Structure formats: C-alpha cells, structure tokens
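Asks: I'd like to ask some things about the structure below.
The values are calculated or read from the model by the stated rules, or taken from the named source; none is laboratory data. Keep in mind it's a predicted model, so treat the numbers as computed, not measured. Cβ coordinates were reconstructed from backbone atoms using ideal geometry, including for glycine residues, and neighbour counts include every protein chain displayed.
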Amino acid sequence: MKTDNVLEYDTEEIVAADKNCLWHHLKPHKLFEMQEQMVIVEGKGLMVTDIRGNEYLDVTSGGVWSVMVGYGRDSIAEAVCAQMKKMPYFAGAYGTIPAIKFAQKLLEKLPRHDKVYFSNSGSEANEKAFKLVRQASRISPERKGKYKIMYRDRDYHGCTFGAMSSTGQAQRKEDYGPFLDGFVEFPHCCCYRCPYDKTYGECNIECARKVEDIMLEEGPETIGGLIVEPITAGGGILKPVPEYFPILQEICKKYDVWLIIDEVVCGFGRTGKFWGHEHFDVDPDIITMAKGLASSYEALSATVVKQKIYDLFLCDPSDPETRLNYFRDISTYGGCTAPMTAALESTRIIEDEDLVENSRVVGEYLLEKLKGLEHFDSVGDVRGQGLFAGIEFVTDKVTKEPVTEAQMAALMANLLAQGVIAGRTNSSFHGLNNVMNFAPCLIITKEQVDTVVSAVSAAIEKTFK
Ligand SMILES: Cc1ncc(COP(=O)(O)O)c(C=O)c1O
C-alpha cells in the first residue's frame, strides 16, 4: 500500500526485512538465525526504544561513542532542515557558509592549527593525513623519502586499506591483507599488560622510548608520520602515563616526523576536556576527527593541519615543474552542507550546556563507582578518563588470564537484560576481547551512572557466580 510517510512500517515485516536484507556491521551472521536483532526506532536523551517497545539506557552513545549531545535534539534537526532547503550541497572545491563557519569554529578550538579539510568518516580523515605524508615525501626537498607511517599496537584507525594498515588490532586485519607498504608498528602503552613486563615508576617509560629504537632500525630518513590515539578507544581504553606523550613528541621532533593524533573518539568532550590530547603536554602536527563532530546526526570528519604543512602544498600553476604539487584529493560528500550545520549546532549545545565539564565531573564519578566493583574476582582492572571508562575482566587477578569469549558474551547479555546497553572490545584481539566499555552521551547524570553501575554489578554476580 502506498503511504505518504516513506518510513511507516509494520513491525513483523520490518523485523523480517532486517533479517533478509541488511548486512549488519561487525556481527557474526549465524546470530540472525538464533536470535532476533534489535531494531532501534527512537531515542530521547540517553534512552533508546526498540521496535518491540523495549527501552534501554544506552551508555555507548549510539554503539560507537559518537552521539555526544544525546538523542532527540530538535534544534539540530531544525538547523539541518533549514540549510537543506537553502543549499544542500556544493563540492568542497568551493566554499559554503556551514563549511566556512564550522572550520572557523574548529580552529577556535585548536588555536595552534590553521587549515581544515572535510570528509565523511574517521577512516577517510586518517587517509588524508597519510596522503599528505606521502605526497610531502615526493614534493618537499626537506622531506624527500620520508613516506613511512608508524602506528601503535592496539590502536584502531579505520576500515579502509591505509587505515587498516595503520591499525594495531590483529583480528580486525586478519584475512584482509596484503596491506600497504610503509607502515611500521610499535608497542602499546597499556600499563596493566606492560609489553616490557615492567611497573610504572620503575620502567623509564620504555613503551615510548622504544619508538626511537624502532625508528632508527627502520631509518628515520624514511619515516614521515606517526599516528596515535590520545587514549586508545576500541583497543581497551588505554590512557598513557603523563611522561608518554612528551617523549613521543621529542622523538618525532628530533627526526622531523609529523605527529598525527587521531581524535576520532576522544574529541568533543568525551574525556572531560574538549580534545583528548589536551590531557598531555603535546602539540600534534595533524589532528584527525569524526564521530562526535556532528554528534552523528550527520556524517562528518576532518583533518586539521598546521600552516607549515599547508604551505608545502602551495604551488605555482604556471610552473611546469611544481604545478601538480597541490593536494590532489577530493571527497564528494565533503561538500554536503548538512553535516557542518549539524556540527555547528551540536558544538553550540556542548558549549552552552557546559557538557565538557559534565563529562569531567560525572566522568570522575563514573570511574569512582566502577572502581567500587574491583572487589569482584573477575574484575582485573578499571580505567578511564572523563565519560570514557572500561573494565577488564579476568579469570584470575594474579595471572590476569582473560575471561573467555563465552563468559564475556554472557556478561553483556546479562547486562542488556537489565535494560543497559554497554560496549565491549569486539573482534579486535586474539584472546583479549575482555574489556567492557562505557561512553555515554555527555548529558548523563550521576543518578543514571548509579543505575548503570548497579546493573553491571548484578550482571557480574549473575555471570561469575
Ligand atoms: C580512533 C578511531 N579512529 C578512526 C576510526 C574510524 O572511523 P570511521 O568508522 O568513521 O571510519 C574509529 C572508528 O571507530 C576510531 O575508533
């Protein structure tokens, strides 16, 4: 039957069509035959409702930590609607009002940076950074041959081939190689599972210092960029110690390697400061971002660089030698105006409602409450920063043996049964997908945190009784 509303639906028909037509992200499809998948139809604040009318308290900000201002923000929808009626799209080779205004806003938030390049996803924002490194290694006499990118074990940078080549998560990469040449891995910085079996205080921050050794082995004259997350997200919520970034920065400066910080998850208040890297004494050359930019009401990402990088790509169109030295890259949807409009309004909300401060204050409360679960034998480590926290589950606190996949799955199901949607490390590492994570919308209250922590406590008791 033809209706006026293209989204009008019949519940059973939609549930069947979900099973028959949709290829869900990061899901083993055998699950479809065993259980009905949740179809989310509505959201308000932190609450989401599925097609059967069940309500859940979502502490994942939409599954992948990106709906910063919560669901149901009419003002974002209205701003986007007005802009779409006026001018929905024009290619990024030109300016549009939303693109210019949001670029201005970003640079206000990043006073040491100078130029903003828009695209559509975190993966793409990172690809742009890698392309800048590669092109600079060809066109700049000072950077000749510096084409390699270093990346860290346990970090994630996306699903495209460059992004996967720079990702330190074995299960995300398995079966998809060969990857790109010129990507070099270095060890992670997780103190709980120190790659050097050392203890903080007596370790000389080996995890950071080792980067120089690896660089020297590779040949620093071949290294152009080094990418890291400020706080590793999908890799298990890993915050480096304070000394870490200054050491990394010094090594990068010494060998003229561009430090690229991936703020895709940590940006826009997630960790209790506007940017994740603000927790550390560090000044990146390139910053990439996505997810929280427009609170995922629209798809938007950006690659932000310092003037010195932009200047390398200035060229004289009349000089046959250098006329192609500009950044020859395009992203069709980088010209959509709705994403920047949504981003402007989402950022206004973050500022006007002081949500970064809420992230700091309620984040401290969340961490304190989660640490109250450390008495459980299965809770190995609780860590986090701002509204971003994780619990690592183990079968033995001394050996730190991770819980099994079946135990982890049961734990998540027991939590969901109480109406709480949390996240977890998912198909990232062999044997180490044992971290439950919490990244609620920045509007969460202390009362909602209490509800979440009680539910987690009950789920632990039920799973490991
Ligand atoms: C730190 C980080 N960088 C990049 C990406 C890739 O972003 P996208 O999925 O938008 O391509 C992700 C996605 O989860 C991420 O966590």
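Asks: What are the residues in segment 235-276 that are more than 19 Å from Leu367 (Cβ to Cβ), surrounded by 24 or more Cβ atoms within 10 Å (Cβ to Cβ) and either within 10 Å of the ligand (Cβ to nearest atom) or within 16 Å of the chain's Cα centre (by Cα) (or both), if any?
Replies: Ile260, Ile261, Asp262, Glu263, Val264, Gly267, Phe268
Asks: What are the residues in segment 35-63 that are over 18 Å from Leu366 (Cβ atoms), within 16 Å of the ligand (Cβ to nearest atom) and either assigned by TED's automatic domain parsing to the domain that holds Ala294 or hydroxyl-bearing (Ser, Thr, Tyr) (or both), if any?
Replies: Within segment 35-63, no residue meets the criteria.
Asks: For segment 42-77, what are the residues that are among the β-branched types (Val, Ile, Thr) and either under 16 Å from Leu416 (Cβ atoms) or exposed (fewer than 15 other Cβ atoms within 10 Å of the Cβ) (or both)?
Replies: Scanning segment 42-77 gives Val48, Thr49, Ile51, Val59, Thr60.
Asks: Only one residue in Ala455, Ala413 is in contact (Cβ under 8 Å) with a residue 24 or more places away in the chain and outside the structural domain of Glu174 (by TED's automatic domain parsing), so which one is that?
Replies: One residue alone meets the criteria, Ala455.
Asks: If only one of Gly92, Gly122 is within 16 Å of the ligand (Cβ to nearest atom) and of a type in the set (Gly, Ala, Ser), which one is it?
Replies: Just a single option satisfies the conditions, and that option is Gly122.
Asks: Also: Out of the residues in segment 65-89 that are in a helix (DSSP H, G or I), more than 12 Å from Pro339 (Cα to Cα) and hydrophobic (A, V, I, L, M, F, W, C), which is farthest from the ligand (Cβ to nearest atom)?
Replies: Ala82
Asks: Going by the conditions given, is Thr425 β-branched (Val, Ile, Thr) and free of Cβ contacts under 8 Å to residues at least 60 places away in the same chain?
Replies: no
Asks: Take the residues in segment 131-185 that are of a type in the set (Ser, Thr, Tyr) and in a loop (DSSP other than H, G, I, E, B); name whichever of them is nearest to the ligand (Cβ to nearest atom).
Replies: Tyr156
Asks: Considering every residue within segment 324-343, establish whether at least one is assigned to a loop (DSSP other than H, G, I, E, B), over 27 Å from Ile391 (Cα atoms) and either among the basic types (Lys, Arg) or free of Cβ contacts under 8 Å to residues at least 12 places away in the same chain (or both).
Replies: There is at least one residue in segment 324-343 that is assigned to a loop (DSSP other than H, G, I, E, B), over 27 Å from Ile391 (Cα atoms) and either among the basic types (Lys, Arg) or free of Cβ contacts under 8 Å to residues at least 12 places away in the same chain (or both).
Asks: So, in segment 189-234, how many residues would count as being in contact with a helix residue (DSSP H, G or I) (Cβ under 9 Å, 6 or more places away or on another chain) and either within 16 Å of the ligand (Cβ to nearest atom) or in a loop (DSSP other than H, G, I, E, B) (or both)?
Replies: Qualifying residue count for the region: 19.
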